[in-house]
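*Asks:* To start, I am sharing the structure in question, which I have written as structure tokens.
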Amino acid sequence: MSRIPGTLCDRRDPWAVGRGPWDEEALRQVLAVETSSVGLVASVRRFDATIADLAMSGGDPDQLGRVECRPGLEIGARTFQEVALGIVADVVARRRGAKGHRAEKHVRVPVLAEIPVLHEDPICGIMTDPEATPHRIEHDGHVWSYRGPRCRRMHAKQLGVNVADKAGQSSSASA
């Protein structure tokens, strides 16, 4: 067994990644190393979004399927220190061959068909799901989707389209 330079960890030890804007890159690097398990410390929602982003960027579904949400032993953790303790306890239990009570794992790699195709809001630049947002305009054969009603109103004004001012109201406008 080889050691990772600068650490006391064995390459096959479980790994936990989480709580930051570097999750995707950290997961890419950890998944490139043969480990016994990989966990992402995240809410189920953030876990699903991170795995979906990795899948959309060409991540291997088999590798992504190895990632567990909320790694560690189930100790009723409520603080980040307790979550860390549960993860360390899991590492020790796995090394010693003990069967600690592990939390029910949320492991789900979304099928690419389940991942929404996002469109960029032409005003604010935020990516939106055109199927989920109620803020849209149909104009000249194009459907525009927006993050919110303000972006929709601003773009309607730029297009010269008269739309109702009610938030969330879709409009079919013609030139």
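Every read-out reported here was derived from the displayed coordinates using simple, explicitly stated rules and does not represent laboratory data. Because the structure is predicted, anything quoted here is derived from the model rather than measured. Neighbour counts run over all protein chains shown; Cβ positions are idealised from the backbone, glycine included.
*Asks:* Using θ = phi - 60° and the Karplus curve 6.51 cos²θ - 1.76 cosθ + 1.60, what whole-Hz ³J(HN,Hα) does each residue of region 41-53 get, with Gly and Pro shown as x?
*Replies:* Karplus-based 3J(HN,Hα) across region 41-53 equals 7, 6, 5, 4, 5, 5, 4, 4, 5, 5, 5, 4, 4 Hz.
*Asks:* Beta carbons within 10 angstrom, averaged per residue: use that to sort the peptides 67-73, 53-59, highest first.
*Replies:* Highest mean packing first, the order is 67-73, 53-59.
*Asks:* If you don't mind, there's one more thing I want to ask. Could you list the square roots of 5 times each eigenvalue of the Cα gyration tensor of region 115-162, that is, the equivalent ellipsoid semi-axes, sorted largest first and rounded to whole Å?
*Replies:* Computed over region 115-162, the values are 17, 11, 8 Å.
*Asks:* Could you give the nm distance between label points at Arg95 and Arg45, where each point is 7 Å from its Cα heading toward the beta carbon?
*Replies:* It works out to 3.6 nm between the two label points.
*Asks:* Enumerate the amide H contacts of Asp121 below 5 Å, restricted to partners 5 or more residues apart or on another chain; note that Pro and chain-start residues carry no placed amide H.
*Replies:* Hits under the 5 Å cutoff: Ile126, Met127, Thr128.
*Asks:* Multiply the residue separation of Asp129 and Ala32 by 0.36 nm, subtract the distance between their alpha-carbon atoms, and state the gained length in nm to one decimal.
*Replies:* 31.8 nm
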